[in-house]
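The structure appears right after this line, and notes come after that.
The values are calculated or read from the model by the stated rules, or taken from the named source; none is laboratory data. All values reported here derive from a predicted model rather than from experimental measurement. Positions of Cβ are generated from backbone atoms using ideal geometry, with glycine treated the same way; all protein chains shown enter the neighbour counts. Just the protein is used for accessible areas: all its heavy atoms, side chains included, with ligands, DNA and RNA removed. Shrake-Rupley method; radii C 1.70, N 1.55, O 1.52, S 1.80 Å.
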Amino acid sequence: MMTRSRLGRAGLIMLCALICLALAAPLIAPYDPYTPTGRPFEAPSFSHWLGTNDVGHDLASEIIYGARASLTVGILTALLVTFLGTAAALVGGYCRGRPDFALMRVVDCALSIPFLPLAIVISVFLGPGIGMEILVLSAILWARPARELRAQVLSVRERGHVQAARAMGAGNFWIMTRHVFPVIFPLVVPQFVRAANRAIFYESSLSFLGLGDPVYKSWAVTLFYANARGAFLTDAWLWWILPPGLCIAGTILSFAFIGHALSDGAHSADAPHRRSSKDRPMPSSSEDHPDGKCLLSVKNLVTVFDTARGEFQAVDGVTFDVNRNEVLGIVGPSGSGKTMLAMSILHLVRPPGRIVEGRIVLEGTDLLGLTASELRPIRGGRVSLIPQNAMNALNPVIPIVEQVAEAMMVHRPLSRPESRRQALGLLEQVGISASQAEDFPHELSGGMRRRVVIAMALANNPALVVADEPTSGLDSVTRREIISLLNDLRKRHGTSLILISHDVRLVRQVADTVAVMVSGKIVERGPCSKLAGSASPTPQVPMSPTSAGSAPSEKPSAPVVAEGNAALLKVNNLTRIFVSDRMWPGRAERRTLNGVSFEVKQGESVGIVGRSGAGKTTIARIIMGLIRPTAGRIFFEGRDVTDLNHGARRTLLGRMHMIFQDPYDALHPGMRVEDIVGEPVVIHGATGDLGPQDRRRRVTEALEDVGLTPVDQFRRRFPSQLSGGQRQRVALARAIVLRPSLIIADEPTSMLDSASGAEILALMRDLQSRHRMSYLLITHDLALARAFCGRLIVLDRGEIVEAGPTEQVIQTTRHPVTRELVRAAE
């Protein structure tokens, strides 16, 4: 890391010196490079620092002015190449379909044709000139950045904040420039540096062959004339050829150093912040734990974040041990530091966060004393992570079996066929059949994606697995299946487990020891058996009804019932069939929804419940226009909105809004709270008479409505500076800023602890009473739906199996799935 940083600084100093030389050429150069000022082939002297060429031109002046030409070609070409490559990546990667296919075939052609013959042909056709050089080089070099950046765009387009922008009615250009480009920008900068590097090298090649501008002084043109006029036959080569050659090599080297450093910075997750060597502890030895049972020892760990108001301690003096084959459960409310503790253990803390104190000793080695290259074989090898959001952990364009096989090949010397064979076996262990192994992540339910991530975590038989909320967002039945699967595989592979969750009841099922975190500190720790008998594991973390195991038979507060009101949303016979775009035999259609019909009345709250993979989120995405239905009609406010074009749908989306499941993914990480909440106002008010003051007033009112007060303390924050509950409040403020008639809430509390979830639901009900809005609540939690919704729809395998008033559905269950959900909530 330090070597790369120093190389980058050295390259930047070299480049800045060359740029200063080019800009100050008229002041520094002793002579006009186009005018003879001495005798031919004059040797270096005080009058002519580098001598003269065959016609008496001062070579030092040519070198100084040549910096202008070479750097101009390199920088202008790099700008054009980066623009073309980034634009092609954005259009192809985001729009997909035919634009992507056409652009990628052009890229394939550009990359397959040898550079030099193509450049010579184009140069001969267009004629010499510096403009020609820039066009030729740009036409050839843009393809590689386009391909590399497109892969990143494909991943970014699936993120929650991009989907949220689409659901708000934002156009493609808005999303590409405001949501996708800022995320990939750290990777665009290295592409520019590499393009400048290649452009200067190839410009030198073309000019040396005589295809450059012969009257424009550049380093390569100087070399061309030196070669053509016999400099190698005299002593003049020392001052005619060597200096411009060194300048070209130095410029290329400076760009290479900068690009090397920037590439490392763009992947900063692999190069965590480390303390200075004088503060770094020495590797631990087994003497610290003479019994040999301790696998991981964390001592006085402190992780801080630099903020405008000073340092914030996300992890504050945490100490604990994990023995071999032990399960340690870490519980606590949202924002208590659980996830940051997991990232600290794996040494994956991103700036502005940093580990400032403590020891993390794994199998006798202090991880804080290792370099980035030394940490890589440990991550995924000896210790692995099951991240909270399974969709973001998987590559959306690679089949799942290939992703598991890749996790093996990174750490073990396996051939591709062997790694694939083992990956198929591991997928079978987690409950994914060979027929599903070629599926892409988006073709799987949330529970199945979680199984894939578990398989990847266990791919190399790690000694320790850190599972960060491994069941969040899943229904109760699937949650029990996943935790049972994880525990069974842990025992089978002899792996220790750190289970991080806000669900105390779930942790009690498998943990040997439980630690409770509050405000970055472990406030209580002990055997699970000692904590299991109390209603609350600690006075600081009270057990809410949901986490303690409330059953839907308990009498809930009366939900809103809209008797006699007109239908606001009506769905008729909605069907969705997914067809894979792969062409080999055996790939059948997958019917996600089959003839779904229901309605939501004005001022009503309707709940859709079902197990993971039942099709609940697909309904929401179809209503919001994110995917198209195969059959069926959707009516909103009496109007058929199924086949609206983008302009008409954009107006419609000002009247309905969707709250996404993951508050950590649905908010753009680079936008401030006021910009996130105000984005719907900008999208839908761009053609209206809303000025900046009106937009600011609406944002302030929305933040006050959701309880983020005082507003000025939250307005300028980034999502990373908020807890999970606060992020969901921001998402709710964004949803109500335009006062929509309907809000579709997709699992709005599944990623939150029970206390934060209860606050969000109470807030949603309060907003409903004040603004007379309707809710379509999607959840797997029957108890939650009972407390909030007046009517209930039970979905299973894409079909409605029960529907009616909430109490009637729960008390007189007829379908096995409904009874299973009731039992799971007890």
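When DSSP assigns beta bridges and you keep just the ones with both residues in the chain, what percent turn out antiparallel, to the nearest 5? Roughly 55 percent of the DSSP beta bridges within the chain come out antiparallel. Relative to its Kirkwood radius, the Cα radius of gyration of the stretch 3-107 gives an Rg/Rh of 1.26. Equivalent-ellipsoid semi-axes for the stretch 764-826 (Cα gyration tensor, √(5λ), whole Å, largest first): 23, 12, 10.
In debye, nearest 20, what is the charge dipole magnitude of the chain about its Cα centre with +1 on Lys and Arg Cβ and -1 on Asp and Glu Cβ, if you could check?
1020 debye
Could you give the length gained by full extension between Phe312 and Ala803, i.e. 0.36 nm per residue of separation minus their alpha carbon distance, to one decimal place?
Here the answer is 171.9 nm.
Magnitude of the Cβ-charge dipole of the stretch 165-238, K/R +1 and D/E -1, about the Cα centre, nearest 20 debye? Computed charge dipole of the stretch 165-238: roughly 360 debye. The separation of the stretch 753-821 from the stretch 220-239, counted between C-alpha centres, amounts to 83 Å. Taken over the stretch 694-812, the alpha-carbon convex hull comes to 122 cubic angstrom per residue.
For the chain, the longest principal axis of the C-alpha atoms and the axis of helix 673-685 are separated by about 90°.
I'd like the projected area of the stretch 300-445, averaged over all directions, using the convex hull of its alpha carbons. Report it in nm² with one decimal.
For the Cα atoms of the stretch 300-445, the hull's average projected area reads 11.2 nm².
Ranking Thr617, Ala236, Val156 by Cα position along the charge dipole of the chain, where only Lys, Arg, Asp and Glu carry charges on their C-beta atoms, puts Thr617 farthest toward the positive end.
Of Gly66, Leu348, Leu21, which is farthest along the charge dipole of the chain in the positive direction, counting Lys and Arg as +1 and Asp and Glu as -1 at C-beta? It is Leu348, whose Cα lies furthest towards the positive end.
How far, in degrees from 0 to 90, does helix 97-112 lean away from the longest principal axis of the Cα atoms of the chain, to the nearest 10? Approximately 30 degrees, to the nearest 10.
Scaling the Cα radius of gyration of the stretch 165-208 by the globular reference 2.2 N^0.38 Å produces a ratio of 1.84.
Taken along its principal axes, the alpha carbon cloud of the stretch 72-213 reaches lengths of 55, 27, 19 Å, longest axis first.
Surface composition of the chain: carbon and sulfur atoms hold 56% of the protein heavy-atom accessible area at a 1.4 Å probe.
Stretched out straight at 0.36 nm per residue, the stretch from Ser5 to Asn395 would grow longer than its current Cα-Cα span by 137.4 nm.
Of the three principal axes defined by the Cα atoms of the chain, the extents in descending order read 107, 73, 59 Å.
Between the Cα long axis of helix 130-141 and the first principal axis of the chain there is an angle of about 40°, rounded to the nearest 10. The order of the peptides 148-155, 170-177, 724-731 by mean Cβ neighbours within 10 Å, most packed first, is 724-731, 148-155, 170-177. On a per residue basis, the convex hull of the C-alpha atoms belonging to the stretch 49-115 measures out at 106 Å³.
In the chain, helical runs assigned H by DSSP with n ≥ 4 each contribute -39500 (n - 2.57); averaged across all residues and rounded to the nearest 500, the mean residue ellipticity at 222 nm is -14500 deg cm²/dmol.
Taken one residue at a time, the phi angles of the stretch 241-249 give Karplus couplings (6.51, -1.76, 1.60, θ = phi - 60°) of 9, 4, x, x, x, 5, 5, 4, 5 Hz. Gly and Pro are set to x.
Have a look at Ile120, Ala88, Ile134 and report the one farthest towards the positive end of the charge dipole of the stretch 56-193, computed about the Cα centre with Cβ charges (Lys/Arg +1, Asp/Glu -1). Farthest along the dipole direction, towards plus: Ala88. Considering only Cα atoms, the convex hull volume of the stretch 1-55 works out to 113 Å³ per residue.
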